[in-house]
Amino acid sequence: MERTTEKQEGSKTAYVFPGQGSQFVGMGLELYQTSSAARDVFDQVDDILSIPLTDMIFHGPEDDLKKTVYSQPAIMATSLACYKALEELEGHALHPAAVAGHSLGEYSSLVVAGVLDLEDGVRLVRERAKLMQEAAEMRPGSMAAIIGLDEETVEEVCSETGAEMANVNGSDQIVISGDKLCVARAVDMCSIRGARKAIALAVNGAFHSSLMSPAQEGLASAIDDARFRDPAVPVIANSTSSPITSADQARAELKTQLCNCVKWKQSVWRMVDGGVSSFIEFGPGRVLGGLIKRIVANPSYKDNHVAVMNVADPSTARKAAEYGLNGALAAGPSPLS
């Protein structure tokens, strides 16, 4: 999506949810101890999965928590627990102008938007993680972050090497994915073309590339079996950076997302141009908040100022609640739909 030329008037808040890689042992523990709403999320996820996932989240071992099959539902549980903790502090349902999630985080955003209930969301994420792990073992690949090259140049390198663009995280931060040899060649070519840095990612598969097609095929069946509803607020889709406004669109997005590029930069553009001036990241880490700040710091956004907050523990939840009490979280009618 091309950026629109004029930002719509208004002050809106969007909620964003992180993806795989943000996990750490102990995430969400303080909220579990202090918030009954957060505790209920963790307990429900354990019941849905019939495993003591919460114990692994809080106490490890870290090597197990890093495994795709555990890290994905663990991050989702923690993100949604953070969301429910803020809702509990506010004392009423939250109404963002839009929601978005990075890769795995898109599932959390769909739960918050009312497209999926918690049980269907968690079951889909478990199936997604299992299928991704199997696909990674069947068709090994790798990923690398390219820093300091524009999107067009990286796209040219990918077309010449067979690598694929997996995440557009900013104007000069793009993740590539695919066959290990193709990615290695692409890294070399990007360095020759002036990339400041190329960082191999510690992942066990070529996520958001065609090597995930076996997982995509299996996931489509699970998606068809799940109950989807029209979203209560627009969900900005990873694959298109356009708003999802119906259950059918949400199904289609999840079916294609796994093998397609996450257009995070364009998604942030979409929300800011639609009037969003505040972002709250729910869950472990502050990766998305950092990306959003850098995207909006681009010279083309010189007249824009956005507030970026994180809800990950009782302290940050209280800060977000105080911010909301001052009226900054009131969404009003969304200009994004």
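The table that follows gives values for the structure above.
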{"read-out": "Selection count where residues are in contact with a Lys or Arg (Cβ under 8 Å, 6 or more places away or on another chain) and either surrounded by fewer than 24 Cβ atoms within 10 Å (Cβ to Cβ) or not β-branched (V, I, T) (or both), scope the range 97-128", "value": "8"}
{"read-out": "The range 45-91: number of residues that are among the basic types (K, R) and either in contact with a helix residue (DSSP H, G or I) (Cβ under 6 Å, 6 or more places away or on another chain) or at pLDDT 95 or above (or both)", "value": "1"}
{"read-out": "Qualifying residue in the range 251-261 (condition: assigned to a strand (DSSP E or B) and not assigned by TED's automatic domain parsing to the domain that holds I147)", "value": "no"}
{"read-out": "Residues (touching a Gly at 6+ places or on another chain (Cβ under 6 Å) and surrounded by 23 or more Cβ atoms within 10 Å (Cβ to Cβ)) located in the range 263-289", "value": "K265, E281"}
{"read-out": "Failed criterion for A252 (all others in (1) among the small types (G, A, S); (2) over 24 Å from M143 (Cβ atoms); (3) crowded, with 19+ Cβ neighbours inside 10 Å hold)", "value": "(3)"}
{"read-out": "Test result for G194, over 22 Å from V268 (Cβ atoms), surrounded by fewer than 23 Cβ atoms within 10 Å (Cβ to Cβ) and either assigned by TED's automatic domain parsing to the domain that holds L258 or touching a residue at least 24 places away in the same chain (Cβ under 8 Å) (or both)", "value": "yes"}
{"read-out": "Single condition S241 does not satisfy, out of (1) modelled with pLDDT of 95 or more; (2) in contact with a strand residue (DSSP E or B) (Cβ under 7 Å, 6 or more places away or on another chain); (3) on the phi > 0 side of the Ramachandran plot", "value": "(2)"}
{"read-out": "When residues of the range 155-173 are limited to those that are in contact with a strand residue (DSSP E or B) (Cβ under 7 Å, 6 or more places away or on another chain) and of a type in the set (D, E), the one nearest to S267 (Cα to Cα)", "value": "D172"}
{"read-out": "The range 235-249: number of residues that are within 18 Å of W264 (Cβ to Cβ) and touching a Lys or Arg at 6+ places or on another chain (Cβ under 9 Å)", "value": "8"}
{"read-out": "In the range 218-231, the residues that are farther than 29 Å from L94 by Cα and exposed (fewer than 14 other Cβ atoms within 10 Å of the Cβ)", "value": "S221"}
{"read-out": "Any hit, the range 164-177, residues being surrounded by fewer than 24 Cβ atoms within 10 Å (Cβ to Cβ) and more than 25 Å from L291 (Cα to Cα)", "value": "no"}
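Let's see how each residue does on (1) at pLDDT 95 or above; (2) touching a helix residue (DSSP H, G or I) at 6+ places or on another chain (Cβ under 6 Å); (3) outside any helix (DSSP H, G or I); (4) more than 28 Å from E152 (Cβ to Cβ):
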| residue | (1), (2), (3), (4) |
| --- | --- |
| P231 | yes, no, yes, yes |
| D248 | yes, no, no, yes |
| Q266 | yes, no, no, no |
| P284 | yes, yes, yes, yes |
| L288 | yes, no, no, no |
| L291 | yes, no, no, no |
| D303 | no, no, yes, no |
| A317 | yes, yes, no, yes |
| E322 | no, no, no, yes |
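The values are calculated or read from the model by the stated rules, or taken from the named source; none is laboratory data. From a predicted model like this one, the values you see are computed outputs, not experimental measurements. Virtual Cβ from ideal backbone geometry, glycine too; neighbours counted across all protein chains shown.
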